[in-house]
Amino acid sequence: MTYKIAIVLDKARMEKVRSKGVQVKDLYGGYLKVIELEVPDELAKRILAEFPRARIDARGFIEETPIAFKRELFDSVVRMGAGPAAIEDAMRPEKLARIKELASKEDEYLPPPN
Amino acid sequence: MRMSLKVSQPPPHGGRLVNAVVDREEGARMAAGCPAYDIRPTIDPRTGAPIRNAYREVMSIAYGFFSPLDGFMTRNEAESVMRDRRLLSGWLFPFPIIFDVDGEELRGLGVKEGDRLLLRLKGRPFAVIDVEEVWRFDPRDVADRTFGTPERNPEVVRRRFDEKHPGWLMYRSMTGTAVGGRVHVINEPRLREPYGRFWYPPSASRLEFGRRGWRTVIAHQTRNVPHTGHEHLMKEAAFLGDIEPCNGILVNAIIGAKRLGDFVDEAILEGHEAVSRFGYIRPGRHLVTMTLWDMRYGNPLESLLHGIIRQNMGCTHHMFGRDHAAVGDYYDPYATQTLWSKGIPSYGLPAPPYDVDRGLKIRPVNIQEFWYCPVCGEIAYSESCGHRDKAERFSGSFVRGLIAEGIEPPPIIFRPEVYQVIVKWWRRFNYPFVNKRYLETKEAELEVELDPMEVTTR
């Protein structure tokens, strides 16, 4: 089974993908812009195993992954496009170690908006 | 005989509301000379986080939310519930309600059947339990039999429960020694803010419905800060009444230890309150309330408990949506609606809860889902909208992800005033969701305060 993962684009991220040919999707009447990546079953299992809080939601999207993972994944998409290779890249052991370290801090504190 | 088409308030489940809250004078008399035991939380063995406190069950029993249940279950009653979802009196009930204790400490206190035990909370007298039975159990076995397995419950259970399921983990983490018997609250607690204004035990909610002139009331279960999908569910489901739409919408939030990543309780209550405070639902038609319960996330079983609680509160209808009170993919997403339309024979319900003897009198309103349709340009009901392939579905997880990344959800999916409530509590806890520190703070503070009370104990 194939799942999906979405990266929400704010203005800064939109700028970064503008010339990269990555398909950007409108959500909720264009209020939100997202990149959707397809995640093959095996890769989905790996993500769920690496991040204990991650889950597949009712839409079939992998959600509740660390913010650090989404950031890393976005950087990989900018470099490699919105395919499974970008996900594999974000899951490389050295990156995972850094993501997990940041994720443990995310569980303790998230700065509130001003 | 002529039958009116008008719906009227149902009786409490089991026929009468339990009221096991006594005044302090009587309470002190009841507790005099009893051994004392401090209620302590159930702890997640993996993380050390508190994941349940049985005081919430004492409150829900004593104030009548769980009527006709009037105490913690004995072995026979728990077995009956796990086998047939029936109390020994025959009334439907979904979960074993078990007061697990430190067996060694209990032995040290010399407590035996027939004794009365004083239960302390925050170091102060709180309740008593009349010990009918002290019994032992295998927590893993109870956890499995409470929720079921794909083999035993193929109609609705999709995969085996494990530590990632908060309800299963709660039972799995119990001590294995239980005390069964009736409970009484002897030192009525005060609800802390913001909880106090949402505290409507069944006798109070029934009075409030009368005061507001609500004949028909539809209940909305929540463990979430509402997005507009929830709001539409409430508004549209309320159209079903009898000769007119339901007079009132009762939001009843489950307050207690929740899974990591859920919204904090304070924001859930005030978020719902903001929906009517800012007029998205007229305040006169909307009442936000709470029940103290460490949610088991048991989808159809949880919905049965919700039906019991809200019938006891006086509701005539209950809305049930997709993935009701669920987490992960343990259950079929429509398991609750299967229960409320056909029954689930393997759970002891060969027919829906309202079509069995000693069942419920609350009417289910089974709703599929609301989504944003870019073709219709509006939030649409899945069974009305013809653009299924274009639908953009709501997802609480997605919204939580947005918030965590510091992106304010657009107003079409989240009311700005509701988001401001999240930010308010985010600043208070330095985190917008339940995390280990929140659970620890919550366990230390609980939702109640108790006044000192003089009791001579053994």
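The values are calculated or read from the model by the stated rules, or taken from the named source; none is laboratory data. Only a predicted model underlies this, so the values are computations on that prediction, with no experimental measurement involved. Neighbour counts run over all protein chains shown; Cβ positions are idealised from the backbone, glycine included. Remember, those area values only see protein heavy atoms, side chains included, never the ligands or the DNA or RNA. Shrake-Rupley method; radii C 1.70, N 1.55, O 1.52, S 1.80 Å.
Overview of results
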| quantity | calculated |
| --- | --- |
| Filtered residue count, segment B:386-402, keeping only those that are part of a loop (DSSP other than H, G, I, E, B) and out of contact with any Cys (no Cβ under 7 Å at 6 or more places or on another chain) | 3 |
| Conditions (1) assigned to a helix (DSSP H, G or I); (2) modelled with pLDDT of 95 or more; (3) facing chain A (nearest Cβ under 9 Å): number failed by B:TYR431 | (1) |
| Residue selected from segment B:46-89 under the condition hydroxyl-bearing (Ser, Thr, Tyr) and either outside any loop (DSSP other than H, G, I, E, B) or out of contact with any strand residue (DSSP E or B) (no Cβ under 6 Å at 6 or more places or on another chain) (or both), by the criterion surrounded by the fewest Cβ atoms within 10 Å (Cβ to Cβ) | B:THR47 |
| Filter result for B:TYR438 (in contact with an Asp or Glu (Cβ under 7 Å, 6 or more places away or on another chain) and under 26 Å from B:VAL275 (Cα atoms)) | no |
| Test for A:GLU15: is it open to solvent by 30 Å² or more (accessible area, probe 1.4 Å), touching a Lys or Arg at 6+ places or on another chain (Cβ under 6 Å) and either in contact (Cβ under 8 Å) with a residue 40 or more places away in the chain or among the charged types (D, E, K, R) (or both) | no |
| Which listed residue is touching a residue at least 24 places away in the same chain (Cβ under 8 Å), farther than 27 Å from B:GLU445 by Cβ and not in a loop (DSSP other than H, G, I, E, B), from B:ARG159, B:ARG152, B:ARG182, B:ARG215 | B:ARG182 |
| Answer residue from segment B:403-426, given it is within 8 Å of chain A (Cβ to nearest Cβ) and in a helix (DSSP H, G or I) and is nearest to B:TYR280 (Cα to Cα) among those | B:VAL423 |
| Residue that is farthest from the other protein chains (Cβ to nearest Cβ) [pool: residues in segment A:71-107 that are within 30 Å of B:TYR331 (Cα to Cα) and buried (at least 19 other Cβ atoms within 10 Å of the Cβ)] | A:ILE87 |
| Within segment B:265-381, strands (runs of 3 or more DSSP E) holding 2 or more residues that are aliphatic (A, V, I, L, M) and more than 14 Å from chain A (Cβ to nearest Cβ) | B:286-292 |
| Some residue of segment B:28-45 being assigned to a loop (DSSP other than H, G, I, E, B), closer than 25 Å to B:ALA204 by Cβ and of a type outside the set (A, V, I, L, M, F, W, C) | no |
| Residue in segment B:132-143 that is at negative phi, surrounded by fewer than 16 Cβ atoms within 10 Å (Cβ to Cβ) and free of Cβ contacts under 8 Å to residues at least 24 places away in the same chain present | yes |
| Residue tally, condition among the basic types (Lys, Arg) and assigned to a helix (DSSP H, G or I), over segment B:185-212 | 4 |
| Number of the exception - B:VAL418 against (1) buried (at least 17 other Cβ atoms within 10 Å of the Cβ); (2) farther than 17 Å from B:THR222 by Cβ | (2) |
| Residue in segment B:116-125 that is in contact with a strand residue (DSSP E or B) (Cβ under 9 Å, 6 or more places away or on another chain), without any contact (Cβ under 8 Å) to a residue 60 or more places away in the chain and either surrounded by fewer than 16 Cβ atoms within 10 Å (Cβ to Cβ) or outside the structural domain of B:SER203 (by TED's automatic domain parsing) (or both) present | no |
| Any chance B:ARG296 is basic (Lys, Arg), more than 16 Å from the chain's Cα centre (by Cα) and in the same structural domain as B:ALA238 (by TED's automatic domain parsing) | no |
| Of all residues making up segment B:324-358, the number that are small (Gly, Ala, Ser), over 18 Å from B:ARG223 (Cβ atoms) and open to solvent by 10 Å² or more (accessible area, probe 1.4 Å) | 4 |
| Positions within segment A:27-69 being within 7 Å of chain B (Cβ to nearest Cβ) and of a type in the set (D, E, K, R), in sequence order | A:ARG53, A:ARG55, A:ASP57, A:ARG59, A:GLU63, A:GLU64 |
